[in-house]
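One structure below.
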Amino acid sequence: MKRSHEPPLWLLFGAGGLLAALLGPALILLTGVVVPVAAERGVEVLGYEATRELLARPLVGVLLALSLGVVLWHAAHRIYHTLRDLGMRAGQGVWWACYGSAAIGTLVAIGAVIALW
Amino acid sequence: MSRPPVYRPSMRGWWQRHPAYRRYLLREGSSALLAAYALWLLAGLVSLAAGEAAYERWRELHGNPWVFGVHLAALLAALYHAVTWFRLLPLTLPALRWGGRRITDRTLVRGAWLTYVALSVGVWLYLLGGVR
């Protein structure tokens, strides 16, 4: 029998799911709701200088890039399996589209963080 | 690649047969909004690396009603994801022990929510503290 490479995929899926559950709501509330509402009142939240200084710290930047990566991975895993659950004949192509785009997203995030240094 | 069981025609429309199946689809579907948010942050990160003008444009886009609406939907999706994820947590872990006694599922789920609150407050303080 061919060895399955599902376990490492599942670990990344689990890491992304846990992270999204622990930090997702707080982050979305901050960047998606507080930023525009504060801007309307003339208060600058997550302004350029401060955010750049913050994310140029290697630890913060790399953690953010890897977090984005595992959350994308988590979504790729769920979307791929749900498409199959819904009866779509998802083969190698869809597999690569799901997990490949998550991998590319991770690389782009790491590249952007390195560009900040 | 490990293959899930073959989909049979008799399974067609399975999600219409029970509310739990629809909640399952809703839970799996929440990941699409989480991915959209992750991609949005990725765009912000790339624009930050591109320079001040690009980053400020990304930040201004948050005031667009559509962008704001999708963020609200993503917030709901993330909360639903957290509720379902923590509820299932005990099933995904081996039995944990503390001082010879087994940690109950209830304690584990409560611990997860406490961690959630602590991390949420911590991230807010860190990001706003670093910004001000």
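With the cut-off at 17 Å, report for region B:15-132 the share of all Cα pairs above it, as a whole percent. Of all Cα-Cα distances in region B:15-132, 72 percent exceed 17 Å.
Counting Cβ atoms of other protein chains within 10 Å of each residue's Cβ and taking the mean over peptide B:41-53 gives 6.
The mean count of C-beta atoms from other chains within 10 Å of the C-beta of residues in A:53-64, rounded to a whole number, is 2. With a sphere of radius 13 Å drawn around the Cβ of residue B:11, what net charge do the other residues whose Cβ falls strictly inside it have (Lys, Arg +1; Asp, Glu -1)? Here the charged neighbours net out to +3.
Within 10 Å of the Cβ of each residue in A:32-43, the mean number of Cβ atoms contributed by other protein chains is 4.
Contact order, relative form, for region B:14-92: 36 percent (alpha carbon pairs under 8 Å, 6 or more residues apart, mean separation divided by residue count). Note on region A:34-52 and region B:26-87: Cα centroid distance 16 Å, given to the nearest whole angstrom. Set Lys and Arg Cβ to +1 and Asp and Glu Cβ to -1, take the dipole of chain A about its Cα centre, and tell me which of A:106, A:32, A:88 lies farthest positive. Toward the positive end, the furthest listed residue is A:88. Based on C-alpha pairs under 8 angstrom that are at least 6 apart in sequence, chain A has a relative contact order of 34 percent.
Distances over 27 Å make up what percent of all Cα-Cα pairs in the protein assembly as shown? Every Cα pair in the protein assembly as shown considered, those over 27 Å come to 42 percent.
Per residue, the convex hull spanned by the Cα atoms of region B:67-132 amounts to 105 cubic angstrom. What is the helix-to-structure angle for A:58-85, meaning the angle in degrees between its Cα long axis and the longest Cα principal axis of chain A, kept from 0 to 90 and rounded to the nearest 10? Between helix and principal axis, roughly 40 degrees. Report the normalised scattering of region A:69-110 as log10 I(q)/I(0) at q = 0.21, 0.27, 0.32 Å⁻¹, calculated by the Debye formula with identical scatterers on the alpha carbons. Log10 of I(q)/I(0), two decimals: -0.60, -0.85, -1.04. With only Cα atoms counted, region A:8-115 has Rg and Dmax values of 16.6, 51 Å. If the segment from residue A:89 to residue A:38 were pulled out straight at 0.36 nm per residue, it would be longer than the present Cα-Cα gap by 13.7 nm.
Taken one residue at a time, the phi angles of region B:11-25 give Karplus couplings (6.51, -1.76, 1.60, θ = phi - 60°) of 7, 3, x, 4, 6, 7, 8, 7, x, 5, 5, 6, 5, 4, 5 Hz. Gly and Pro are set to x. Between residue A:63 and residue A:101, the modelled label-to-label distance comes to 2.9 nm, taking each label 7 Å out from Cα in the direction of the beta carbon.
Read-outs: derived from the displayed coordinates by stated rules, not from any lab. A quick note: this is a predicted structure, and the numbers were derived from the prediction, not measured. For neighbour counting, all protein chains shown are included, and Cβ atoms are generated from backbone atoms with ideal geometry for every residue, glycine included.
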